[in-house]
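Colleague: The structure that follows is given in the form of structure tokens.
The values are calculated or read from the model by the stated rules, or taken from the named source; none is laboratory data. On a predicted model such as this, the values are computed, not experimentally measured, just so you know. With ideal geometry, Cβ positions are generated from the backbone for all residues, glycine too; neighbour counts draw on all protein chains shown.
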Amino acid sequence: MNHEHEHLHAHDHAHASLIERRERRLLIAFALTAGMLIIEAIGGWLSGSLALLADAAHMLVDAVALLFAWLGAHYARRPADARRSFGYARLEVLVGYSNSLIQFVLVAWIVAEALLRLHDSQPILSGMMFVVAVAGLLVNALVLSALADHDHNDLNTASARLHVFGDLFGSLGAIGAALLIRYFGWLWADPAASILVSLLILSSAWRLLRRSGHILLEGAPEGVDADLVGGTLKNEATGVCDVHHVHVWQLAGGYHVATLHARLIDGADADVAIGSILAVLRERFRIEHATVQLETFGCADVRCWG
């Protein structure tokens, strides 16, 4: 018993250290991104480059995503209370959903401005544009390295990393546009690069909107559905002859929850059955929190189905 207690204590300590390290890296990534977006905005304004301004706008969204990823990781550690029995884990999903909607508005502005510039080209200081774009590329590479070992199930950090990937390609587009303008005089390359950045923003925004919206709508985790859970428990859980009224959802990325009704075989031990059900849910579906209603006869809930 003491050995098990020490093992759990060590595991909790290691998990807490991992969360603190992730928070620190998110904060560093936010500081780098926020500083670079200011430089890109000033550089875009002075050089007349819409591509730099679009990239700065994308970095603004990235900075907001990183800031709220840090806030989400920080507040997700706060304990549950009487009003929020599951704690603050869903904060990261709300942030991701809101951030994706903001990006759609941003895309509309960039595309409208780019179309205007395609018809009425503006002079651009390609040298300044090139230097600032290269600096943005280097900063994005640093931010990606800071977020390299994120947990796959961490929705906030994963979405922030996705934004930074898009911004990395945006910087490459701005570099290419600056070279085309400097050596060929193709001023149209700048609004074209800004449209490319807007498409990158739109792609990441749509993926983030779908993923966060699915969680907010209590959708089942990827690869898991009620029928699969019910059938697996019926076949593998000890003392269970039927499983129904199954609901599986996510509080946040990687935090899976379930409720279900299970009918026991005559003479089955209730405690053994519950322990077996929880073990199957944890090992097969990574469901750590489940509420199980046991039945010895038919389901008394008129809403039972499945």
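Colleague: Taking only pairs six or more apart or across chains, which ones have beta-carbon atoms under 8 Å, a first residue in segment 267-296 that is among the charged types (D, E, K, R), and a second residue that is in a helix (DSSP H, G or I)?
Modeller: Correct list of pairs: ARG284/THR232; ARG284/GLU236; GLU288/ARG282.
Colleague: Next up: Restricting attention to segment 21-45, and to residues there that are within 11 Å of VAL139 (Cβ to Cβ) and either in contact (Cβ under 8 Å) with a residue 60 or more places away in the chain or outside any helix (DSSP H, G or I) (or both), which single residue is nearest to the chain's Cα centre (by Cα)? Steps first, answer last, please.
Modeller: Step one: list which residues in segment 21-45 are within 11 Å of VAL139 (Cβ to Cβ), which gives 29, 31-37, 39-40.
Still in the list and also either in contact (Cβ under 8 Å) with a residue 60 or more places away in the chain or outside any helix (DSSP H, G or I) (or both): 29, 32-33, 35-36, 39-40.
Details: ALA29: 15, LEU32: 20, THR33: 18, GLY35: 23, MET36: 22, ILE39: 27, GLU40: 25 Å.
Top of the filtered list is ALA29.
Colleague: Now a separate question. Out of the residues in segment 41-70 that are over 12 Å from LEU27 (Cα atoms) and β-branched (Val, Ile, Thr), state the one that is modelled with the highest pLDDT.
Modeller: Restricting to residues being over 12 Å from LEU27 (Cα atoms) and β-branched (Val, Ile, Thr), the top hit is ILE42.
Colleague: Okay, next question. In a strand (DSSP E or B) and touching a residue at least 60 places away in the same chain (Cβ under 8 Å): is that true of HIS244 in this structure?
Modeller: Values: in a strand (DSSP E or B): yes; touching a residue at least 60 places away in the same chain (Cβ under 8 Å): yes.
Taking the combined requirement at face value, the residue satisfies it.
Colleague: Got a sec? Which of VAL132, VAL107 is of a type in the set (Val, Ile, Thr), modelled with pLDDT of 90 or more, under 30 Å from PHE184 (Cβ atoms) and surrounded by 14 or more Cβ atoms within 10 Å (Cβ to Cβ)? It would help to see each step written out before you state the result.
Modeller: Working: VAL107 fails: modelled with pLDDT of 90 or more.
Only one candidate passes the filter, namely VAL132.
Colleague: Further question on the same structure: Look at segment 233-258 and say how many of its residues are under 14 Å from ALA273 (Cα atoms) and in contact with a helix residue (DSSP H, G or I) (Cβ under 9 Å, 6 or more places away or on another chain). Don't jump to the end; show me each part of the working.
Modeller: Taking segment 233-258 first, the residues under 14 Å from ALA273 (Cα atoms) are 233-243.
Filter once more, keeping what is in contact with a helix residue (DSSP H, G or I) (Cβ under 9 Å, 6 or more places away or on another chain): 233, 236-243.
Total meeting the criteria: 9.
Colleague: Still on this structure, I have one more. Which one of these is in contact with a His (Cβ under 8 Å, 6 or more places away or on another chain) and modelled with pLDDT of 90 or more: VAL229, VAL197, VAL243, VAL224? First the steps, then the outcome.
Modeller: Values: VAL229 fails: in contact with a His (Cβ under 8 Å, 6 or more places away or on another chain); VAL197 fails: modelled with pLDDT of 90 or more; VAL224 fails: modelled with pLDDT of 90 or more.
One residue alone meets the criteria, VAL243.
Colleague: Which one of the conditions (1) assigned to a loop (DSSP other than H, G, I, E, B); (2) outside the structural domain of TYR75 (by TED's automatic domain parsing) does LEU187 fail to meet, given that it meets all the rest?
Modeller: Only one criterion in (1) assigned to a loop (DSSP other than H, G, I, E, B); (2) outside the structural domain of TYR75 (by TED's automatic domain parsing) is unmet by LEU187, namely (2).
Colleague: Just name the residue that is nearest to LEU199 (Cα to Cα) out of those in segment 108-137 that are charged (D, E, K, R) and touching a residue at least 24 places away in the same chain (Cβ under 8 Å).
Modeller: First, the residues of segment 108-137 that are charged (D, E, K, R): 113, 117, 120.
Cutting the leftovers down to touching a residue at least 24 places away in the same chain (Cβ under 8 Å) gives us 113, 117.
Working: GLU113: 14, ARG117: 17 Å.
My answer is GLU113.
Colleague: Search segment 213-241 for residues being part of a loop (DSSP other than H, G, I, E, B) and of a type in the set (Asp, Glu), and hand back the single one that is farthest from SER100 (Cα to Cα). Reasoning before the result, please.
Modeller: Of the residues in segment 213-241, the ones part of a loop (DSSP other than H, G, I, E, B) are 217-225, 237-239.
Narrowing further to those that are of a type in the set (Asp, Glu): 218, 222, 225.
Working: GLU218: 18, GLU222: 20, ASP225: 26 Å.
By that ranking, first place goes to ASP225.
Colleague: Conditions first: (1) without any contact (Cβ under 8 Å) to a residue 12 or more places away in the chain; (2) assigned to a helix (DSSP H, G or I); (3) not assigned by TED's automatic domain parsing to the domain that holds LEU52. ARG210 passes all but one, so which condition is the exception?
Modeller: Of (1) without any contact (Cβ under 8 Å) to a residue 12 or more places away in the chain; (2) assigned to a helix (DSSP H, G or I); (3) not assigned by TED's automatic domain parsing to the domain that holds LEU52, only one is false for ARG210: (3).
Colleague: If only one of ALA56, ALA69, ALA31 is buried (at least 24 other Cβ atoms within 10 Å of the Cβ), in the same structural domain as ARG90 (by TED's automatic domain parsing), among the small types (Gly, Ala, Ser) and farther than 20 Å from SER126 by Cα, which one is it? Outline the logic, then answer.
Modeller: Numbers: ALA56 fails: farther than 20 Å from SER126 by Cα; ALA31 fails: buried (at least 24 other Cβ atoms within 10 Å of the Cβ).
Result: ALA69 is the single residue among ALA56, ALA69, ALA31 that is buried (at least 24 other Cβ atoms within 10 Å of the Cβ), in the same structural domain as ARG90 (by TED's automatic domain parsing), among the small types (Gly, Ala, Ser) and farther than 20 Å from SER126 by Cα.
Colleague: Okay, next question. Scan segment 11-20 and give yes if some residue there is in contact with a Gly (Cβ under 9 Å, 6 or more places away or on another chain) and either at pLDDT below 70 or assigned to a helix (DSSP H, G or I) (or both), otherwise no.
Modeller: Step one: filter segment 11-20 for residues in contact with a Gly (Cβ under 9 Å, 6 or more places away or on another chain), giving none.
Within segment 11-20, not a single residue is in contact with a Gly (Cβ under 9 Å, 6 or more places away or on another chain) and either at pLDDT below 70 or assigned to a helix (DSSP H, G or I) (or both).
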